[in-house]
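Just dropping this structure here.
The values are calculated or read from the model by the stated rules, or taken from the named source; none is laboratory data. In this text, all values refer to a predicted model and were calculated from it rather than measured experimentally. All Cβ positions, glycine included, derive from the backbone under ideal geometry; neighbour counts span all protein chains shown.
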Amino acid sequence: MTKHDKVIYSLIAVMGIVILSLSAWIVLMKVDFDKKAQGGTNVINIQSNTNLEVGNTNSSNLSNLNTNGNIATTDKGVTYITPEKLGDLSLFKSGYFVGDAPVAYYLIARLDSGSQIILVVAPPEDPSGDIYLRFLKTNGKYYFLPKYSPGISADTEPADFLANYNVSTFVDEQSVFTQLDSPDSITLDGGAVLRKSWQQTTLDQLGDYKEVANSPYGSILEEKTNADANSEIGVRVLYLKHADNLVTQYRLKFPFVNDDKGLQFALQNNEAVTSYIAQLSASCGNRDGLSYALKSDIASRIVKSEKTTTNEDLYKIKSSDDPLLKEIYNFYKIGREQASVSYDDFAKLNPVFIYRDFFNDYQIFLSADYGALAECGKPVVYLYPEKDMNVSVKVAADITKSEPIYGNGWSVFAKPNGQIISDGKAYPYLFWEGQGQKYPEINSGFIVKKENLSNTI
């Protein structure tokens, strides 16, 4: 190499250092500008195309630092642990959440970078259950993870959520934790597709369950229940198990069923598209499961009847005297003081299809025309008296579960702020579930804008 060449290479090296230094200065200026532009708020908006790689570049211990100060991490370098109960982290101002249970904090994962993932369990504001939120703790700061927090609805802006919940923290919308994710759909080996349902709970809240499949996001669990030992119909619920022992409910997508909530499918015999229901249970609390034929001899009691336009076999019940058909008829009678269709006519119509699904269960589809009229009720009762007073409340239903205990009706002490006292314990509402009876016809009312809801109630 000549002396002239060395000079040229030296100049190139110097120019490279200058460019890198200038880039770093621009990044630092951008961080400062972003913080000023936010007017002192704690919300950090993530920009996925401005990450800088820092720390150990080994793939098992890789972290990415965003230019506005946010940590972005994948599951590599994350060690999930059995949730460890922590003390009060005071991320929420006391007294905000409705309910008498305190906000609980759990350590659920450690990152090789030294960061931690925290699970927050807040008391429920309605009968749907506890509120689950996840945070990333790094460098002494807490970053809210909206993507992995089922306590926040998909259409809620994280900044609005934090403002409403009085959280003093930051927002991280970029970090990727696959083992905490609950995508809208999951495709299993073999092609079966699961669609996310509405409920998330903890593993210890399930009854008897077993693992039936694996996915990139975690194990797929199956929970089966039935009303009693003599029942012909069971209810199956599928869950995705997350690394921190939360579980999210999913439903199997049938190949021949449209994506809308009404189960509609067409038959190859050109029969008109018909609406069916696939949940035959008069019990609340079955977690939106699908009904299936429970008895092991069901295969000998059905016969191939039709094919769907997607070439799926559908079966009919052979005998009009079959106990499964009789139990389905009893489901049809729910909410009808007098059934308009006799059992003999119902058996002749046989408005039931049975389908053997991906998990080899025989799913039951009943024509929506013969569904129960009042499957169940699960409301809550709020009390807002003008002054402190004793209140007696009764509902027109056969109560199967209540809080506080319903007995022959609630006798409670109510306050104008909505607090209800029963046997020395405070409640935000009176909760019940059970079989509804005849409800009054409602033919008038009024609409309240979302922004006026709190003041109105």
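Between 399, 421, which is without any contact (Cβ under 8 Å) to a residue 24 or more places away in the chain, surrounded by fewer than 19 Cβ atoms within 10 Å (Cβ to Cβ) and either under 22 Å from residue 276 (Cβ atoms) or of a type outside the set (D, E, K, R) (or both)? If you could, list the steps in order and put the result at the bottom.
Working: 399 fails: without any contact (Cβ under 8 Å) to a residue 24 or more places away in the chain.
After ruling out the rest, the residue left standing is 421.
I'd like the full set of residues that are closer than 27 Å to residue 323 by Cα, free of Cβ contacts under 8 Å to residues at least 60 places away in the same chain and crowded, with 20+ Cβ neighbours inside 10 Å, limited to the stretch 224-252.
If the condition is that a residue be closer than 27 Å to residue 323 by Cα, free of Cβ contacts under 8 Å to residues at least 60 places away in the same chain and crowded, with 20+ Cβ neighbours inside 10 Å, then 235, 237, 238 are the ones that fit.
Further question: Given the structure, is residue 155 at pLDDT 90 or above and among the acidic types (Asp, Glu)? Explain how you work it out, then say what you get.
Values: at pLDDT 90 or above: no; among the acidic types (Asp, Glu): yes.
So residue 155 fails the test.
Among 290, 324, 383, 366, which is under 30 Å from residue 419 (Cα atoms), touching a residue at least 40 places away in the same chain (Cβ under 8 Å) and crowded, with 19+ Cβ neighbours inside 10 Å? Steps first, answer last, please.
Numbers: 290 fails: under 30 Å from residue 419 (Cα atoms); 324 fails: under 30 Å from residue 419 (Cα atoms); 366 fails: under 30 Å from residue 419 (Cα atoms).
None of the others qualify; the one that does is 383.
Determine whether the stretch 118-139 contains at least one residue that is modelled with pLDDT of 90 or more, surrounded by fewer than 17 Cβ atoms within 10 Å (Cβ to Cβ) and either hydrophobic (A, V, I, L, M, F, W, C) or part of a loop (DSSP other than H, G, I, E, B) (or both).
Checked the stretch 118-139: at least one residue is modelled with pLDDT of 90 or more, surrounded by fewer than 17 Cβ atoms within 10 Å (Cβ to Cβ) and either hydrophobic (A, V, I, L, M, F, W, C) or part of a loop (DSSP other than H, G, I, E, B) (or both).
Please find, among 414, 374, 426, the residue that is closer than 28 Å to residue 226 by Cβ, among the hydrophobic types (A, V, I, L, M, F, W, C) and either surrounded by 18 or more Cβ atoms within 10 Å (Cβ to Cβ) or at pLDDT below 80 (or both).
Just a single option satisfies the conditions, and that option is 374.
Still on this structure, please answer the following. Just a yes or no: is a residue in the stretch 190-203 under 14 Å from the mean Cα position of the chain (by Cα), under 22 Å from residue 134 (Cβ atoms) and outside any strand (DSSP E or B)?
Yes: one or more hits.
Anything in the stretch 326-364 that is at pLDDT 90 or above, part of a loop (DSSP other than H, G, I, E, B) and either touching a His at 6+ places or on another chain (Cβ under 6 Å) or of a type in the set (Ser, Thr, Tyr) (or both)? List them, or say none.
Within the stretch 326-364, 342 is the sole residue that qualifies.
Condition first: in contact with an Asp or Glu (Cβ under 7 Å, 6 or more places away or on another chain), at pLDDT 65 or above and either assigned to a loop (DSSP other than H, G, I, E, B) or among the small types (Gly, Ala, Ser) (or both). Can you find one or more residues in the stretch 257-264 that meet it?
No - not one qualifying residue is present in the stretch 257-264.
Okay, next question. Working only within the stretch 187-206, note down all residues that are surrounded by 13 or more Cβ atoms within 10 Å (Cβ to Cβ), under 17 Å from residue 150 (Cα atoms) and among the hydrophobic types (A, V, I, L, M, F, W, C).
Within the stretch 187-206, 203 is the sole residue that qualifies.
Looking at the stretch 212-241, which of its residues are charged (D, E, K, R), out of contact with any helix residue (DSSP H, G or I) (no Cβ under 6 Å at 6 or more places or on another chain) and outside any strand (DSSP E or B)? Full working, then the answer.
Step one: filter the stretch 212-241 for residues charged (D, E, K, R), giving 222-224, 228, 232, 236, 241.
Retained after the next criterion (residues that are out of contact with any helix residue (DSSP H, G or I) (no Cβ under 6 Å at 6 or more places or on another chain)): 222-224, 228, 236, 241.
Listed by number, the list holds a single entry, 228.
Residues of the stretch 293-303 being touching a residue at least 12 places away in the same chain (Cβ under 8 Å) and either under 14 Å from residue 224 (Cβ atoms) or in a strand (DSSP E or B) (or both), which ones?
Within the stretch 293-303, 293, 294, 295, 302, 303 qualify.
Spot the failing condition for residue 169; the list is (1) in contact with a helix residue (DSSP H, G or I) (Cβ under 7 Å, 6 or more places away or on another chain); (2) at pLDDT 85 or above, and only one is missed.
(2)
Among the residues in the stretch 169-186, are any touching a Leu at 6+ places or on another chain (Cβ under 7 Å), surrounded by fewer than 18 Cβ atoms within 10 Å (Cβ to Cβ) and part of a loop (DSSP other than H, G, I, E, B)?
Taking every residue of the stretch 169-186 in turn, none turns out to be touching a Leu at 6+ places or on another chain (Cβ under 7 Å), surrounded by fewer than 18 Cβ atoms within 10 Å (Cβ to Cβ) and part of a loop (DSSP other than H, G, I, E, B).
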